[in-house]
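The values are calculated or read from the model by the stated rules, or taken from the named source; none is laboratory data. All values derive from a computational prediction rather than experimental measurement. Cβ atoms come from the backbone with ideal geometry, glycine included; neighbour counts cover every protein chain shown. Calculation scope for accessible area: heavy atoms of the full protein, side chains included, ligands and nucleic acids excluded. Shrake-Rupley method; radii C 1.70, N 1.55, O 1.52, S 1.80 Å.
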Amino acid sequence: MALPESSSWQFTPDLRICHVLNGMWQVSGAHGRIDPTAAIKNMFDYLDAGFATWDLADHYGPAEDFVGEFRRQLAATRGVAALSGIQAFTKWVPRPGRMTRRLVEDNIARSLRRMGVETLDLLQFHWWEYEDPAYLDALTFLAQLRDEGKIRHLALTNFDTAHLKIIGEHGIRVVSNQVQYSLIDRRPEVHMAPFCQEHDIQLLTYGTVCGGLLSEKYLGQPEPGYGLLNTASLQKYKQMIDAWGGWGLFQELLRVLKQIADKHGVSVANVAVRSILERPAVAGVIVGVRLGVADHRSDNARVFDFTLDTGDQAQIQSLLDKSQDLYRLIGDCGDEYRG
Ligand SMILES: NC(=O)c1ccc[n+]([C@@H]2O[C@H](COP(=O)([O-])OP(=O)(O)OC[C@H]3O[C@@H](n4cnc5c(N)ncnc54)[C@H](OP(=O)(O)O)[C@@H]3O)[C@@H](O)[C@H]2O)c1
């Protein structure tokens, strides 16, 4: 299986990525046990299928170490040149507090060491408390490290539009913001996506398949109780669905998506991903991979086999019009992480 040309995206002038990124929160331990050997083996399967871009974080359990080991095995078996065929986007999620150059540098050095790289392809920065303006200090030091070659591109995750604007006004250039964006959670459409378009910032999205809830597996199923939601993702996005309109409306959405999926000969998850991938400012959709446990590679490859027509989009929109406004209920992107 090889992905078509349309699967790749010029993210920055020097980085071409896969439009569907492999998300590694799923190896953190919060989504079931992961066997490291099977996981690394499975990373080769993803690469060979064309899914060459990884999204991870310093706090996703062994994710950065997996990338380090994967790179070592890749170089050993296929030569050092093969390393240029993968991209690994990590995050730094510091505990709140004073940000010094030393602290920032030490944390970046740790990720570099774990991943076995001299330069991080992308460093996505998260901040818990806007009341503490030390995020601007952290970003200033990160920008210095970027200019010194430790980070190729600086980015954010879960920042809202107002703070994206403040960061820009401080002269700190970021290439992307990673946010929750799905047919359920369309908060980025209110302010974030228009702002990003205007300022040449791209969105990387997560939660786009709602932990797997946006798939045939849940079509026609009774509302799952907490006990059946056996990954942190399923629990997280079920709560979103509850706020969005509940299980009954969600079933209506699944039925609409299934009709569209059948028309194109693809899956419900494919329609869910495609419908976000086609939206303004979106550079890539991250789909979580439970490495060595469950593999939706061949299904997700079909995202690149079709596009949604205006009829499909109108059909989806008329269903979405019945849902609650999550922007009004929760706020802008990332507000769910901040009191
Ligand atoms: N920045 C942040 O704050 C943040 C937050 C959350 C996530 N993320 C990033 O986004 C990634 C994705 O995480 P997520 O929580 O949003 O999960 P997700 O991508 O919405 O869901 C992943 C799960 O969906 C199921 N799935 C995937 N493809 C499918 C298909 N074609 N058909 C049916 N089911 C399918 C799989 O479930 P099974 O394994 O059960 O089969 C998979 O484990 C993370 O790994 C991380 O990189 C970032």
Inter-part gap, Cα centre of segment 228-254 to Cα centre of segment 279-339, in whole angstrom, is 13 Å
Percent antiparallel among DSSP beta bridges confined to the chain, rounded to 5, stands at 10 percent
Calc'd 3J(HN,Hα), segment 328-339, phi into Karplus 6.51 cos²θ - 1.76 cosθ + 1.60 (θ = phi - 60°), Hz, glycine/Pro = x, comes to 5, 6, 10, x, 6, 3, x, 5, 5, 8, 10, x
Counting only protein heavy atoms and rolling a 1.4 Å probe, one gets per residue an accessible area for the chain in Å² of 42 Å²
Dividing the helical contributions, -39500 (n - 2.57) per DSSP H run of n ≥ 4, by the residues of the chain yields a 222 nm value, nearest 500 deg cm²/dmol, of -12500 deg cm²/dmol
The simple spin-label model distance between Thr307 and Ala30, using points 7 Å out along Cα→Cβ, in nm, is 3.6 nm
Placing one equal point scatterer on each C-alpha of segment 183-339 and summing with Debye, one gets log10 I(q)/I(0) at q = 0.12, 0.17 Å⁻¹ equal to -0.51, -1.10
Here FRET efficiency (C-beta to C-beta, Phe44 to Leu15, R₀ 22 Å, nearest 0.05) is 0.55
So Arg173 and Ala314, fully extended at 0.36 nm per residue minus their Cα-Cα distance, gain in nm 47.1 nm
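Restricting everything to alpha-carbon atoms, can you work out Rg to Rh for the chain with a Kirkwood hydrodynamic radius?
Values: Rg = 19.4 Å, Rh = 20.5 Å.
Rg/Rh: 0.95.
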Expected sort for 74-86, 252-264, 33-45 on mean C-beta neighbours within 10 Å, highest first, is 252-264, 33-45, 74-86
In the neighbourhood of Phe195 defined by beta carbon distances under 12 Å, the net charge of the other residues (Lys, Arg +1; Asp, Glu -1) is -4
Most packed first (mean Cβ within 10 Å per residue), the peptides 139-152, 278-291 order as 278-291, 139-152
For Lys165 and Glu216, extending 7 Å from Cα along the Cα-Cβ vector and measuring point to point gives, in nm, a value of 4.6 nm
PRE zone check, label point 7 Å out along Cα-to-Cβ of Arg98, amide N under 20 Å, scope segment 126-165, hits 128-142
For segment 35-118, the accessible surface attributable to carbon and sulfur atoms (probe 1.4 angstrom, ligands and nucleic acids excluded) amounts in percent to 52 percent
At 10 °C and 1.306 mPa s, the Stokes-Einstein diffusion coefficient in µm²/s for segment 105-225, with hydrodynamic radius from the Kirkwood sum on alpha carbon pairs, is 98 µm²/s
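Longer than 22 Å from Cα to Cα, which of Lys238/Lys263; Lys91/Lys150; Lys91/Lys165 are they? Say none if no pair is.
Lys238/Lys263
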